[in-house]
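K.L.:
Just passing along the structure, written as structure tokens.
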Amino acid sequence: MNTKEQYKRIVKFGSAAIILLIEIGLYWALWYFHLNTIIEVRFWRRGIWLLAAMYGALLFFFLQTYGGLKIGYLKRGNIIYSHILSLLIANVIGYIILALVDKRFHAPTSFIILTLIDAALVCAWVFLFQWIYSVLFPPRRLLVVYGNRPVFSIMEKIGARDDKYIIGGVISTKVGIDEIMKRVEEFEGMVVGDIPSHDRNLLLKKCYDAGIRVYMIPKISDILIRTSTNLNLFDTPILLSRNEGLQADQMLVKRIIDVVVSVIGIIITMPLFVIFGAAIHLTDRGPIFYKQTRLTLDGKLFEIYKFRTMREDAEKDGIARLAGEDDDRITAVGKILRATRFDELPQLFNIIKGEMSLVGPRPERPEIAAEYMEELPEFSMRLKMKAGLTGYAQVHGKYNTTPYDKLKLDLHYIRNYSIWMDLILIVLTPKVLFMKESTEGVGEGEITANSKDK
């Protein structure tokens, strides 16, 4: 075991504390040396400290939510993007606070300069501490254990993070548990793929006893078990798996949030409706919106509203197909709308009508869902929650995430549902709007990949 592991949390905490103190200090200095001299009623020193504390709490919330402090966890580009996005939101709110305090709008020049300085410091901070982290904690060499099913997709996903993991070897369960345990001693961890439950349980117990780190790909049943409630009514642990759906109070609060946020969203984005509508119509003189049948709670059908991003004859053969990475059916305006996901703005009207929610599983087309369920019958489990404009799978997955992985992500949301989780996912949504990897199209053979891996 790497003796430096015990210092990992100290390095992460220290790096986060340094950049946060610098950013809060810059905001304090902006108020003390500049803003406090241009407003009509000046703050006392304690007032500026209070403003700095509020700014720090706000910035910390967005950094924690978006992952802007996750040195050694997220990729360098993701940390920079998340951190700067958090700063932009915090500084915009800071400017609004200035306007409210002084009862007038000032030139935003000082906040723009503050944001640019912050951004430069963030880039330097990320490069420095990611380098320090990589030196202290180099990538782990992992042993992949597989059964009768292939693990190419797992290896590809893990291999994409070569800054954290290195696939050092693969071994089949056919060689026996004892041989696997001997082999894993040469590595710093084990990746357990979809292997028989008996073998997996033995490996987990032996690895726990030996202090070996295990990365396990969960099955659907694992998610159901993990999200069960622990009952301490008897002298033995009992897990309660509740499957009734949302409670009455949760449905009421969720519906209120849906309506309020959707109405506000429509009012704020009305200029975008006008701009996008004109651009779509001028492209080929076709309709601005299009309706399509989708699935929602309990398998009910509804007509979803979206900005049209494809040619009018995109499915003239009547066959439902997901959009590919270089799909020639997508118009020039449609590519922009899809890349930013602004094509889904009209779904705010579906939410007001009660057909969708702000947060929930992605609404699938009945034809495509039926195709998935031929290989993966459990895919219908997603229909225990009303379809959503955004959701856990939309935020943490990609457009081309396999149906099986989408199901597991959606089940995690459904089984762990809370109003707080909804709010966090709503806040997280702006981050993924402009991340290319979140809007990638479906490639060849990805529609049913891993669907048999139950």
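The values are calculated or read from the model by the stated rules, or taken from the named source; none is laboratory data. On a predicted model such as this, the values are computed, not experimentally measured, just so you know. Positions of Cβ are backbone-derived with ideal geometry, glycine not excepted, and every protein chain shown enters the neighbour counts. The protein model used for the area step is the full one, side chains on, heavy atoms only, and it has no ligands, DNA or RNA in it. Shrake-Rupley method; radii C 1.70, N 1.55, O 1.52, S 1.80 Å.
K.L.:
Taking the residues in segment 23-48 that are touching a helix residue (DSSP H, G or I) at 6+ places or on another chain (Cβ under 6 Å) and of a type in the set (Val, Ile, Thr) as candidates, determine which candidate is farthest from Leu74 (Cα to Cα).
P.N.:
Among them, the one singled out is Ile39.
K.L.:
Tell me, please, whether a residue that is closer than 30 Å to Leu85 by Cβ and surrounded by 17 or more Cβ atoms within 10 Å (Cβ to Cβ) can be found in segment 172-195.
P.N.:
Within segment 172-195, not a single residue is closer than 30 Å to Leu85 by Cβ and surrounded by 17 or more Cβ atoms within 10 Å (Cβ to Cβ).
K.L.:
Run Arg255 past the list (1) open to solvent by 60 Å² or more (accessible area, probe 1.4 Å); (2) out of contact with any Ser or Thr (no Cβ under 9 Å at 6 or more places or on another chain); (3) in contact (Cβ under 8 Å) with a residue 60 or more places away in the chain and report the number of the one that doesn't hold.
P.N.:
Unmet for Arg255, out of (1) open to solvent by 60 Å² or more (accessible area, probe 1.4 Å); (2) out of contact with any Ser or Thr (no Cβ under 9 Å at 6 or more places or on another chain); (3) in contact (Cβ under 8 Å) with a residue 60 or more places away in the chain: (2).
K.L.:
Further question on the same structure: Can you name every residue in segment 174-192 that is over 25 Å from Glu5 (Cβ atoms) and of a type outside the set (Asp, Glu)?
P.N.:
Of everything in segment 174-192, those that are over 25 Å from Glu5 (Cβ atoms) and of a type outside the set (Asp, Glu) turn out to be Lys174, Val175, Gly176, Ile177.
K.L.:
Same structure, new question: How many of the residues in segment 78-103 are open to solvent by 70 Å² or more (accessible area, probe 1.4 Å) and either among the hydroxyl-bearing types (Ser, Thr, Tyr) or part of a helix (DSSP H, G or I) (or both)?
P.N.:
Count: 4.
K.L.:
On to the next question. Assess whether Val261 counts as being surrounded by 12 or more Cβ atoms within 10 Å (Cβ to Cβ) and modelled with pLDDT of 90 or more.
P.N.:
yes
K.L.:
Mind listing just one residue for me: the one in segment 62-77 that is touching a residue at least 40 places away in the same chain (Cβ under 8 Å) and not in a loop (DSSP other than H, G, I, E, B) and, of those, most open to solvent (accessible area, probe 1.4 Å)?
P.N.:
Arg76
K.L.:
Would you be able to tell me the number of residues in segment 140-156 that are touching a strand residue (DSSP E or B) at 6+ places or on another chain (Cβ under 8 Å) and surrounded by 15 or more Cβ atoms within 10 Å (Cβ to Cβ)?
P.N.:
If we filter segment 140-156 for residues that are touching a strand residue (DSSP E or B) at 6+ places or on another chain (Cβ under 8 Å), which is where we start, we get 140-147, 151, 154-155.
Those still in the list that are surrounded by 15 or more Cβ atoms within 10 Å (Cβ to Cβ) too: 140, 142-147, 151, 154-155.
Counting residues in segment 140-156 that are touching a strand residue (DSSP E or B) at 6+ places or on another chain (Cβ under 8 Å) and surrounded by 15 or more Cβ atoms within 10 Å (Cβ to Cβ) gives 10.
K.L.:
Something else: Can you tell me which residue among Ile275, Ile266 is modelled with pLDDT of 90 or more, open to solvent by 60 Å² or more (accessible area, probe 1.4 Å) and under 26 Å from Ile426 (Cβ atoms)?
P.N.:
Result of the check over Ile275, Ile266: Ile275.
K.L.:
Could you give every pair whose Cβ atoms fall below 9 Å, whose first residue belongs to segment 141-167 and is more than 22 Å from Lys182 (Cβ to Cβ) and modelled with pLDDT of 85 or more, and whose second residue is of a type in the set (Gly, Ala, Ser) and open to solvent by 50 Å² or more (accessible area, probe 1.4 Å), counting only separations of at least 6 or pairs across chains?
P.N.:
That search, which allows pairs on different chains as well, returns Asp163/Ser134.
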